[in-house]
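Enquirer: Structure incoming, see below.
What follows draws every value from the coordinates through simple rules; no lab data is involved. Predicted model only: the values in this text are computed from it and were never measured. In this analysis, Cβ positions are derived from the backbone assuming ideal geometry, glycine residues included, and neighbour counts consider all displayed protein chains.
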Amino acid sequence: MLWLKKIDLAIITGAFLGIGSVLIVLVGNPVNSGICISCFLENLAGALQFQGDLRMSYIRPELVGFVLGSFVVAKKTRRFKVTGGSSPIIRFFLGFFIIVGCAVFIGCPIKMIVRLAAGDLTAVVAVVGMMFGVWCGARYLKAGIFLERERDMPKINGYIFPFLAFMLLFFIFFQPTFIKQGQTGPAAQHAPVLLSLALGLVIGGFSQRSGLCITGGFRNFFLFREKTLLGGVLTFFVTALLISFATGQFNMGLNGQPASHLSHGWTFLAMTLVGLASVIIDGCPFRQVIKSGQGDVDAGITTMGMLAGAALVITWSIRSTSAGPEFAGKIAVMSGLIFCLFVVISYRKRITS
Amino acid sequence: MDRLDKLNSVLLAVLVLITAGMLIQHKLTVPQNTGPAPDNRETLIKQYEKRMASDANLYKAIIAAKDENRFKDAMVQLDEMITSHPENPKSYVLKAEIFTEKGNLVNALSMYRHAIEMEPDLVDNKTPLFIGDSVMDLITVARGKLNREKKLKPNDATLTIALDNIYYLQRRIAGGCE
């Protein structure tokens, strides 16, 4: 892989994501949700009994593969660098609110692109919302507002998250009694375990090397007109679109789309929250998971916040259904945006004082 | 490696071995109740069959009345059933079927939506409760008819709700991770 230039890697990663996220639906994953970090975390939270909806309880091997793929490649290429200590509690709650935003839209930025590539026009508003959030975040970065720099940490901190992923892998194969696996609903819709794991490992490995990030692609473009990651994101979309066409999964329209709703205003706000929070913590949910495998303790904390969010969006109904967003979801999106602004304001004060 | 390091290493090895031993012993002696798919799936199917048999018994008279086109009688009994068994979505499914047969598509859609909100497995084709095909048949007929009516009466709130129900049902049947 070392002979590949970074731009090639971003595009290759995007292509793998596009192909994988559409094809995995053909072998069992939920429609339009081939790969979705927020859905996968909700499933994981259910499997670990952090939430009680059995229909959303399954350890997705892809998620484990992302972390372990990233870990193995980072170790192999000497990019495993253990850092952390940058505003952990802020990152935890931003991770929490990112999942709230995803749950109100019904999908993370990866799924947003998969939905769009499958012809789901409700995702167009989500793309605009996320881009607006990223644009706001980029403006804040330009104004000098960012979380403080991470520092080197003792090695053991970096191994915790890959170890947790390894434990989950163990749980997948040995099914201890406390792990729940739903037999109906989305939990019952899954590809064969080894195939899912292999896909996760490949995408995790390539993503570690390329740094592919949905919000990062837009952020770099807005900040520096830099197109490397954006090229990967666009490749992801185009590949997913072509595969959707080729496999007959493309169905353009606003109505009747799987796991969607027509509350476009809330979709916009929810994805604005996701975009803004992702810029503040330097990466979309997918990127956070990948970074947590390469020794980034801050990303690990964020992922734990996302897991907490994934449990509570189900338990407290802070989410949307096909009928539209729940009241608690709307309030949580507003709270998330308020929290982001508090963070922005407080960090600006800290820098200027 | 000084003495403390060595002591810690030994302690660590002992703890790992004890824990592994406990896990193995637990695995060997305690019955596992959440094994992967086959066992649970079978149990689940049995549960569904039991439930469907119970429903068939409970709704026997109502289904008979419906089959004999005594719709009014069946509706009265269904209202009573909703009062006595409010948690059972079958009442709403039967109401939807009766409304469909009577040509009242608006109410049929509403009843199907209510039933599916109560029991998501009704649109899960991996369960024997799946009624997605009947709902899709209704949607196919209703969509064209109601859209035409909506053009004639654009401010009709009932039609707006009915179309919203169609889109909701379509989304649920389409599946996805929700």
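Enquirer: My understanding is that a pair violates if its Cα-Cα distance is over 23 Å; which of A:180/B:126; A:111/B:151; B:50/B:90; A:142/A:227; A:291/A:330; B:90/B:126 do that in this structure?
Expert: With Cα atoms farther than 23 Å apart: A:111/B:151; A:291/A:330.
Enquirer: Around residue A:320, which amide H atoms from residues at least 5 apart in sequence, or from another chain, sit under 5 Å from its own amide H, with H modelled in the peptide plane?
Expert: A:104, A:106, A:326
Enquirer: Shielding of A:180-187 by partners, i.e. mean partner chain Cβ atoms within 10 Å per residue?
Expert: Rounded to a whole number, the mean comes out at 6.
Enquirer: With n ≥ 4 as the cut-off for DSSP H runs, can you work out [θ] at 222 nm for chain B, using -39500 (n - 2.57) per run divided by the number of residues, rounded to the nearest 500?
Expert: -26000 deg cm²/dmol
Enquirer: A further question follows. In deg cm²/dmol and to the nearest 500, what is the mean residue ellipticity at 222 nm of chain A if only DSSP H runs of at least 4 residues count, each as -39500 (n - 2.57), divided by the residue total?
Expert: My calculation for chain A gives -22000 deg cm²/dmol from helical runs alone.
Enquirer: Summing Lys, Arg as +1 and Asp, Glu as -1, what charge do residues with Cβ under 10 Å from the Cβ of residue A:84 carry, residue A:84 excluded?
Expert: Cβ neighbours under 10 Å give a net charge of -2.
Enquirer: Please report how far the C-alpha centroid of segment A:125-140 lies from that of segment B:98-174, rounded to the nearest whole angstrom.
Expert: Rounded to whole Å, the Cα centres lie 36 Å apart.
Enquirer: Hey, another quick one. What's the angle, to the nearest 10 degrees (0 to 90), between helix B:132-152's Cα axis and the longest principal axis of chain B?
Expert: It works out to around 50 degrees.
Enquirer: Treat the count of other C-beta atoms within 10 Å as a stand-in for reagent exposure and order B:100, A:13, B:19 from fewest to most.
Expert: In increasing order of surrounding Cβ atoms, one gets B:19, B:100, A:13.
Enquirer: On to the next question. Averaged over A:254-267, how many beta carbons belonging to a partner chain fall within 10 Å of each residue's beta carbon?
Expert: 4
Enquirer: Report the label-to-label distance for residue A:334 and residue A:149 in nanometres (one decimal), using points 7 Å from each Cα along the Cα→Cβ vector.
Expert: 4.1 nm
Enquirer: Which of these, A:253, A:275, A:85, has the largest mean-square fluctuation under a Gaussian network model of chain A (Cα springs below 10 Å)?
Expert: A:253
Enquirer: What angle do you read, to the nearest 10 degrees and between 0 and 90, between the alpha-carbon axis of helix B:105-118 and the longest principal axis of chain B?
Expert: The answer is roughly 20 degrees.
Enquirer: Next question, about the same structure. Ranking A:130, B:75 by Cβ neighbours within 10 Å, fewest first, what do you get?
Expert: Ascending Cβ contact count within 10 Å gives the list B:75, A:130.
Enquirer: Let me ask something else. Give the peptides A:231-241, A:285-295, A:200-210, A:44-54 in descending order of average Cβ contacts within 10 Å, highest first.
Expert: Packing order, densest peptide first, comes out as A:285-295, A:200-210, A:231-241, A:44-54.
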